[in-house]
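Data first, discussion second: the structure below is written as structure tokens.
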Amino acid sequence: MNQKSFWLVVITLVITFRAHAQNTLHPTSSEYQYPTDPKVIEKLEHWRDQKFGILIHWGIYAVPGIVESWSIVNEDWINRKDTTQSYEDYKKWYWGLKEEFNPTEFDPSQWADAAAKAGMKYVVFTTKHHDGFNMFDTQFTDYKITNGPFGSNPKADVAKHVFDAFRAKEMMIGAYFSKPDWHSQYFWWDYRATPDRNVNYDIRKHPWRWNQFVQFTHNQLNEITTNYGDIDILWLDGGWVRPKSTVNEEVLSWGAPIPEFSQEIDMPKVAEMVRKNQEGILIVDRTVHGPFENYRTPEQGIPATMSPDPWESCITLGGAWGYVPNDRFKPSRKVIHLLIEIVAKGGNLLLGVGPTANGLFLPEQVERLEEIGAWLKVNGEGIYYTRAIESFQDGEFYFTQGKEKELLPCCLWKKERS
């Protein structure tokens, strides 16, 4: 790094804007187990070099502009606007949004171009969220984007076109997939009430039904990893779907209901299958520490300490993961400061950006991404292909180290004085 570049970095970063970790970190694994497969290790190290990615939540929840999936859960913390509507009627309305979701302006090239200009190097796209609505052309349910008003559109197989657009920008490709599926009769069975986020029947009493769900899940993951080109990351959400043996004090601290039985989808078999389809694919079984959580994923915040183990903070650009009207987007400076702190502590930043129901990023989102990219064009040497060091912070300043052990004193920021 030459002296001119160094001073450009310092001048850029000595600004009166306080970048701070968000107030609450969603629970994450406290332990980490390194992979042993050489191909997985190679891809993991390549992923660690990238530092900055985009997480795109998009589904039927974009139509009314509400939180993704969670409004159909019957838990005490959920509040719906209409207190006169019955829970069952609400679920019917929500499921029915499928018939209104017709994103005729869907332009994945706009998304990929904006992400590339932002300096992002990988994408994670929601193939299916907890509500069970599929953004790919699965053959194992009709609850999908290709079975509705958008079905005749040439871009109806949304995941395919998203992945193709980002591959054209030479980015790593990640498929977000929800382990729970609240629309499936094998997970939320209509014969029973749906009291919370978990499977709504006792698996021990209905093993056939659960085995059908496990097979359904394997079938869909096989589709994603065989029909959609090269996939680098399988990002599995819904950490409450896990073996009972992995429920520890850390999990109990979530405050979420935990059943007395395993909600196990046979992750060893999943890993064997997807790695047969995609050699070296990274598997991120979020919050379930062990051999199938190739990197940890703290959500909406930054850990207090540095970790040499691979991890990624997923943080929203606005206040929500998906599109909501009148969302307030973080200033680009704040995102830059988050990125600096995360990278200096050894992690990657996965920034959540939600498209509108029509299938476009808003001008404000594009503007923020372009501003971040302008900064990275000047200062990217201190971000990409770096690793953390023990002395990553000195007062107001953050440091990174190049992979060749060269100290890069350019990843630093000055706090706003109180």
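The values are calculated or read from the model by the stated rules, or taken from the named source; none is laboratory data. Remember, it's a predicted structure, so these values are computed and weren't measured experimentally. So basically every Cβ, Gly included, is an ideal-geometry build from the backbone, and we count neighbours across all protein chains shown. Accessible surface is based on the protein model in full, side chains and every heavy atom, while ligands, DNA and RNA are left aside. Shrake-Rupley method; radii C 1.70, N 1.55, O 1.52, S 1.80 Å.
With respect to the conditions (1) modelled with pLDDT under 95; (2) not in a loop (DSSP other than H, G, I, E, B), residue 314 lacks only one, and its number is (1). Looking across 166, 106, 140, 125, one residue alone is in contact (Cβ under 8 Å) with a residue 40 or more places away in the chain, part of a strand (DSSP E or B) and under 21 Å from residue 223 (Cβ atoms). It is 125. Is the range 208-227 home to any residue that is touching a Gly at 6+ places or on another chain (Cβ under 8 Å) and closer than 29 Å to residue 53 by Cβ? No, the range 208-227 has no match at all. Could we say that residue 187 is buried (at least 24 other Cβ atoms within 10 Å of the Cβ), outside any loop (DSSP other than H, G, I, E, B), at pLDDT 95 or above and touching a Pro at 6+ places or on another chain (Cβ under 9 Å) here? No: the conditions fail for residue 187.
The sole residue among 260, 279 that is modelled with pLDDT of 95 or more and assigned to a loop (DSSP other than H, G, I, E, B) is 279. When residue 82 is tested against (1) surrounded by fewer than 22 Cβ atoms within 10 Å (Cβ to Cβ); (2) at pLDDT 95 or above; (3) farther than 23 Å from residue 232 by Cα, exactly one condition is not met: (2).
Taking the range 50-70 as the range and being open to solvent by less than 10 Å² (accessible area, probe 1.4 Å) and assigned to a helix (DSSP H, G or I) as the test, the residues that pass are 60, 61, 62. Residues being part of a strand (DSSP E or B) and open to solvent by less than 10 Å² (accessible area, probe 1.4 Å) are represented in the range 352-367 by at least one member. Of the residues 93, 47, the single one that is aromatic (Phe, Trp, Tyr) and in contact with a Phe, Trp or Tyr (Cβ under 9 Å, 6 or more places away or on another chain) is 47.
Taking the condition over 23 Å from residue 32 (Cβ atoms) and of a type in the set (A, V, I, L, M, F, W, C), does residue 235 pass? When the stated conditions are applied, residue 235 does not pass them.
Residues in the range 291-301 that are open to solvent by less than 10 Å² (accessible area, probe 1.4 Å), part of a loop (DSSP other than H, G, I, E, B) and more than 22 Å from residue 338 (Cα to Cα): 1 in all. Taking the condition under 22 Å from the mean Cα position of the chain (by Cα) and not in a helix (DSSP H, G or I), does residue 198 pass? It is true that residue 198 is under 22 Å from the mean Cα position of the chain (by Cα) and not in a helix (DSSP H, G or I). Restricted to the range 220-249, and to residues that are open to solvent by 40 Å² or more (accessible area, probe 1.4 Å) and part of a helix (DSSP H, G or I), which residue is nearest to residue 274 (Cα to Cα)? Here the residue is 222.
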